[in-house]
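The values are calculated or read from the model by the stated rules, or taken from the named source; none is laboratory data. Remember, it's a predicted structure, so these values are computed and weren't measured experimentally. Note: ideal-geometry Cβ built from the backbone for every residue, glycine included; neighbour counts use all protein chains shown. When the accessible area is computed, the model is the full protein with side chains, heavy atoms only, and any ligands, DNA or RNA have been set aside. Shrake-Rupley method; radii C 1.70, N 1.55, O 1.52, S 1.80 Å.
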Amino acid sequence: MNRNDAQKTPATFQVKSFGCQMNVYDGERMAEMLGTRGMTAATDGAAADLVILNTCHIREKAVDKVYSDIGRLTREDGSRPMIAVAGCVAQAEGSEIQRRARNVDIVVGPQAYHRLPDLIDRAGRGEEAVDTDMPLASKFAALPARTKQARPTAFLTIMEGCDKFCTYCVVPYTRGAEISRSWNAIIDEAKALVDGGAREITLLGQNVNAWTGEDDKGRAQGMDGLVRELAKIPDLKRLRYTTSHPNDMSDGLIATHGEVDKLMPFLHLPVQSGNNRILKAMNRSHDAESYLRIIDRVRMARPDIAVSGDFIVGFPGETDAEFEDTLKIVEQVRYAQCYSFKYSPRPGTPAAEMDGQIPLTVMDERLARLQALLNRQQADFNTATVGRTTDILLERKGRHPGQLIGKSPWLQSVVVTAPDLSIGDMIDVDIISAGPNSLAGELSRRKAA
Ligand code: 5AD
Ligand code: SF4
């Protein structure tokens, strides 16, 4: 199947990001970079000259999706765009992707996408265009400065990679070792985002709270120091961070939750399992008790904090009794929201080779029980906010005319009818009702507490 001439030097592009928020961030940076090189985002994605699939490798389902998406890019007339596979599937599978899907022109890993322009040129000349290097010099130095987003919320990657090597996880292989971006690069990017209109910034990293660096006076700093510095940016109203690891929840960061008003009362702290034998087999380097102690201390610092987590059911060898321990820890923590998954064996990870792989039917049943409990907790958490007055940051239009949707400090979606207000406004609302996934609010005459 041939591409037509237009696609040899593509003028328009579409980036489709899958998976985690860091992929969303990477997708934005790719789009901005192509923009500064004179390419434009396609208004009609189906007609784009170049389609970048920014992929996720975390579970098998995510990988299968990439291949079915590649197939769907061929148009009715038999033509197709130039196709680039970026992200973690690109890193993990490299040129193997082109053996499985001959339509793919470019394969570019998550640490090499600053070289996309050159790869596009090479692909246009019909040359091999595969780059899964993990260069020592950070790609961030090679990327153009942020362009204005005109959106009230923004992501900002402050560190990447993972040194933890949980036995089920591909991230240490696809994203590489933990690398922190510099203090100045982060502060400058945050200021640029705020100048462009961002009012809330979510700091990103696979282990975001493992961030370390030096401030502009050469003093050693951790994430707490960075959060305190970012909070000084006047027009920045809210800060969040994700995803954190229990072992990197420092005393300073816990204290910051009680002391920095702009740091939102929300903590995503995955535990994965409530059973200590499984946690050990997962190489999590914390146990159920140490996790619970962290949650207690964070709640002491910030009593209204909403806690979120990730869970895996059916890790190899997990017995019924061990799974029950996961339900127990959920009962103890009382989560505001969570993500839960069936274990998915990933090629090259130690757990994929372990004895005792759990049948799908058992995993299905465990996941259903866990999710029923988590959904109840989420509904309870939402219901408990009814009657409160809180601030929300308006992020997007609702379904009906005059409706806007914003986020509460606890990351709940709140729907309000406010025809005179705009996206980006921060307003106080009274929460009047709660559903499982969102709240309804009314403009308040009171000030949020
Ligand atoms: N199978 C299922 N879930 C996984 N996760 C990571 N690797 C796997 C896997 N092999 C989940 C973990 C992690 C989240 C991002 O994805 O819960 O915290
Ligand atoms: Fe994967 Fe564990 Fe690293 Fe999280 S901490 S990215 S689950 S290896």
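Summary table below
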quantity	calculated
Candidate set from region 204-235 (those that are among the small types (Gly, Ala, Ser) and surrounded by fewer than 20 Cβ atoms within 10 Å (Cβ to Cβ)); member that is farthest from the chain's Cα centre (by Cα)	Gly218
Strands (runs of 3 or more DSSP E) enclosed by region 204-272 - at least 2 residues per element that are hydroxyl-bearing (Ser, Thr, Tyr)	238-242
Test: residue in region 61-82 that is out of contact with any strand residue (DSSP E or B) (no Cβ under 6 Å at 6 or more places or on another chain), among the β-branched types (Val, Ile, Thr), closer than 23 Å to Gln206 by Cα and not assigned by TED's automatic domain parsing to the domain that holds Pro345	yes
Members of region 262-291 that are free of Cβ contacts under 8 Å to residues at least 40 places away in the same chain and crowded, with 22+ Cβ neighbours inside 10 Å	Leu263, Leu279
So Tyr168, is it hydroxyl-bearing (Ser, Thr, Tyr), within 16 Å of ligand 2 (Cβ to nearest atom) and not in a loop (DSSP other than H, G, I, E, B)	no
Matching entry among Tyr343, Tyr335, Tyr339 (being within 16 Å of ligand 1 (Cβ to nearest atom), among the aromatic types (Phe, Trp, Tyr) and open to solvent by 20 Å² or more (accessible area, probe 1.4 Å))	Tyr339
Among (1) open to solvent by less than 20 Å² (accessible area, probe 1.4 Å); (2) hydrophobic (A, V, I, L, M, F, W, C); (3) assigned to a helix (DSSP H, G or I); (4) away from ligand 1 (no atom under 16 Å from the Cβ), the one test that Ala321 misses	(1)
Hey, Phe311 in contact with a Cys (Cβ under 8 Å, 6 or more places away or on another chain) and hydrophobic (A, V, I, L, M, F, W, C) or not	yes
Verdict on Gly197 being farther than 30 Å from Asp355 by Cα and either away from ligand 1 (no atom under 16 Å from the Cβ) or open to solvent by 40 Å² or more (accessible area, probe 1.4 Å) (or both)	yes
Qualifying residue in region 411-434 (condition: under 24 Å from Ser308 (Cα atoms), open to solvent by 30 Å² or more (accessible area, probe 1.4 Å) and touching a helix residue (DSSP H, G or I) at 6+ places or on another chain (Cβ under 7 Å))	yes
Of the criteria (1) touching a residue at least 24 places away in the same chain (Cβ under 8 Å); (2) crowded, with 21+ Cβ neighbours inside 10 Å, which one Ile294 fails	(2)
